[in-house]
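The block underneath contains the structure these notes are about, expressed in structure tokens.
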Amino acid sequence: MRNEAINRVKLVFTLFDADGNGVLESDDFELMSSRVAAAVPGADEARKQAMRAGFTRYWNTLTGELDTDHDGRITYDEYQACVLSPERFGTAVDQFAVGFARLGDLDGSGTVIRPVFIGMMRGVGFDLPNIHALFDAFGPDDDDRVRVDVWEAEIRDFYAPDKGGIPADLLAASPAA
């Protein structure tokens, strides 16, 4: 397992722990999906529901795989063991990636404009300079848009234990100046 993958997972755990109590609970995922939906007021309800379904699947996979005592809480150690195991978490990541990235495609063009991308990523809690660095790494077109399929693939790579030196590593780096 690469250090870059561990760093990415540490960051996401911290962001998903929306109430800051040191464990993940279903309320954290509901709060996160609500923040993301609020960041994209122009998205239609079907896209919002697909994004929320991705968050729900993510949470359900975690609890199904890890919550052996059925207390509805996931610790960091439990989280890392699951999300960096594609055989256990790959399907949840796929659904999450599709629902999340496609929420930002407001006009059905297969692209996401920078302000929407920034709003969604800020809704998750990523640092603004890192968000801009990631968007730029995707190679936006002349209209400052990135392709949804590129973003979906990078979300999947974010959770890949064997990936390093990828654009998503920019999210876990010290915020750019």
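Values quoted throughout were computed directly from the atomic coordinates according to the rules given, and no laboratory measurement underlies them. Note that the coordinates shown come from a computational prediction; the quantities given were computed from them, not determined experimentally. Positions of Cβ are generated from backbone atoms using ideal geometry, with glycine treated the same way; all protein chains shown enter the neighbour counts.
Which helices count as membrane-span-like in the chain under these terms: full DSSP H, at least 24 Å along the axis by C-alpha, Kyte-Doolittle mean of -0.5 or more? Correct list, ordered by number: 86-103. Judged by the ratio a/c of the largest to the smallest principal axis of the C-alpha gyration tensor, the range 20-177 counts as prolate, that ratio being 1.5 or greater while a/b is larger than b/c. Site pair Asn7 and Arg122 shows an inter-label distance of 2.5 nm when each label is modelled 7 Å from Cα along Cα→Cβ. Here the label points at Arg114 and Ala153, each 7 Å from Cα along the C-beta direction, are separated by 2.3 nm in the simple model. Here the chain is treated with +1 on each Lys and Arg Cβ and -1 on each Asp and Glu Cβ, and its dipole about the Cα centre works out to around 180 debye.
Please state the relative contact order of the range 27-92 as a whole percent: Cα pairs under 8 Å, 6+ residues apart?
27
Approximating the spin labels as points 7 Å out from Cα along Cα→Cβ, the Thr91-to-Asp143 distance works out to 3.7 nm. Ordering Leu134, Met51, Ala168 by the projection of their Cα atoms onto the charge dipole of the chain, which places +1 on the Cβ of Lys and Arg and -1 on the Cβ of Asp and Glu, puts Leu134 at the extreme positive end. The mean sequence distance of close C-alpha pairs (under 8 Å, at least 6 residues apart), as a share of the length of the chain, puts its relative contact order at 30 percent.
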